[in-house]
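The values are calculated or read from the model by the stated rules, or taken from the named source; none is laboratory data. Just so it is clear, the structure is predicted and the values come from calculations on it, not from any experiment. With ideal geometry, Cβ positions are generated from the backbone for all residues, glycine too; neighbour counts draw on all protein chains shown.
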């Protein structure tokens with residue numbers, strides 16, 4: 001693609017997550033997959049609860065392996081009291097359920113009835129080649145773009161949706177530990193990665209945080225750390241226990257945020273979120289984070305972890321989303337897969 005025909009030059013941008021949705025995309029987890037070793041059984045019920053809240057406000061599109069899996073999932077949702085009138089199934093198979101990272105990134109240009117959409121199809125290599133095979137997961141954006149009849153832009157570099165957060169006005173948040181990791185794009189330096197992000201997402205300013213949290217196998221996705229909640233406000237997690245390994249790295253991220261501005265030079269307003277302490281399963285530290293919430297139409301769905309800080313985190317998020325209903329959903333079983341509600345979902349803008 002020539003520089004003149006990049007999405008940015010054509011007037012496209014990645015919208016903020018709080019902008020109106022046409023729907024949410026999910027990929028249903030498989031019992032044969034590797035994401036929930038030995039603990040798959042409770043996971044479908046967590047999905048059902050998540051979907052129950054989503055269908056109240058928007059359509060839900062679920063990628064499934066085949067027709068038999070569609071029938072099984074539809075039956076489970078009906079049994080759990082989830083209405084199916086806003087649920088659509090698509091036989092777009094993927095090995096693992098992390099649709100934030102292997103799913104389509106939608107772009108928009110224009111407003112109102114003339115608004116146009118497109119899809120960016122980044123290369124996907126399962127977080128640095130950690131979990132092959134992944135060629136089916138990598139193909140999902142092409143299937144969705146074909147279904148919708150949308151232009152498809154292919155930058156030819158590895159990128160995951162969970163590594164990015166945007167304010168919809170030109171500013172993008174990411175982390176050095178992920179995007180500068182040689183297991184993604186070893187031939188690109190920081191400037192090269194920034195150029196790709198600007199060209200393909202329509203942003204003009206990149207804000208770099210440092211490291212992710214312990215237990216995060218993505219090498220530090222920003223959606224476990226810091227999220228835009230409006231064009232100039234971010235929430236960021238902090239670990240109050242100075243003995244916790246996350247304390248220092250999160251404090252460094254907070255120090256960076258305190259000096260950052262948006263695309264217009266306006267200082268960011270920073271709101272702190274607590275951490276849920278050390279959540280483990282079979283002795284393994286899990287990347288539990290209240291920052292992994294998902295913003296739907298009129299609703300914010302927040303992972304909780306049976307911890308005293310759950311109510312505190314939901315309350316803080318309600319204060320920064322005064323016009324939305326903020327709901328905590330138990331993610332204790334889901335986090336065994338090393339991700340939560342933002343990791344499994346991908347918004348489709350209206």
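Exactly one residue out of 315, 328 is free of Cβ contacts under 8 Å to residues at least 24 places away in the same chain and over 14 Å from the mean Cα position of the chain (by Cα): that is 315. Cβ-Cβ distances below 8 Å connect the following pairs, each with a first residue in region 73-87 that is over 16 Å from residue 45 (Cβ atoms), a second residue that is loosely packed, with under 15 Cβ neighbours inside 10 Å, and a separation of six or more residues or different chains: 84/78. Checked against the criterion of being over 23 Å from residue 221 (Cβ atoms), in contact (Cβ under 8 Å) with a residue 40 or more places away in the chain and touching a helix residue (DSSP H, G or I) at 6+ places or on another chain (Cβ under 8 Å), the candidates 93, 44 yield just one match: 93. If you go through region 76-104 and pick out every residue that is surrounded by fewer than 22 Cβ atoms within 10 Å (Cβ to Cβ) and under 13 Å from residue 348 (Cα atoms), you end up with 0. Taking region 172-265 and the helices (runs of 4 or more DSSP H) fully enclosed by it, the elements with 3 or more residues that are in contact with a strand residue (DSSP E or B) (Cβ under 7 Å, 6 or more places away or on another chain), at pLDDT 95 or above and within 22 Å of residue 154 (Cβ to Cβ) are at 190-201. Of the listed requirements (1) crowded, with 19+ Cβ neighbours inside 10 Å; (2) touching a strand residue (DSSP E or B) at 6+ places or on another chain (Cβ under 7 Å); (3) within 30 Å of residue 168 (Cβ to Cβ), residue 73 misses just one: (3).
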